[in-house]
Amino acid sequence: MRLEPGHYITLAIAAVGFITWLVRLEGRVNALKAKEAGHDATRDEVIRLQEQVKFLTSAIQDLAGSMRPAARRRIAE
């Protein structure tokens, strides 16, 4: 079986299309990995901010507790 020049052209076009598809697929995978890395960094920042909010909340509560006037005792009449 002998291939004609049209077959070679068809195979070459198919090969170029397949290589293009693979390159685009790799680009999508790399973009997804970069997006995941961004999400990981965002998650870490959110956790850090939550810890800071907890610390500041407890500090404010301690400060507010120390500023309360001493409770007066009721004197029974």
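The values are calculated or read from the model by the stated rules, or taken from the named source; none is laboratory data. Every value quoted in this text rests on a predicted model; they were computed, and no experiment measured them. Just so you know, the surface numbers come from the protein's heavy atoms only, side chains and all, with ligands and any DNA or RNA stripped out. Shrake-Rupley method; radii C 1.70, N 1.55, O 1.52, S 1.80 Å.
Do we have any residue at all in the stretch 43-64 that's open to solvent by less than 100 Å² (accessible area, probe 1.4 Å), among the small types (Gly, Ala, Ser) and at pLDDT below 90? Yes, there is a match, as at least one residue in the stretch 43-64 is open to solvent by less than 100 Å² (accessible area, probe 1.4 Å), among the small types (Gly, Ala, Ser) and at pLDDT below 90. Look at (1) open to solvent by 100 Å² or more (accessible area, probe 1.4 Å); (2) in a helix (DSSP H, G or I) and you find that VAL23 fails only one, number (1).
Of the residues making up the stretch 26-42, those that are open to solvent by 70 Å² or more (accessible area, probe 1.4 Å) and hydrophobic (A, V, I, L, M, F, W, C) number 1.
Scanning the stretch 1-20 for residues that are of a type in the set (Ser, Thr, Tyr) and open to solvent by less than 100 Å² (accessible area, probe 1.4 Å) turns up THR10, THR20.
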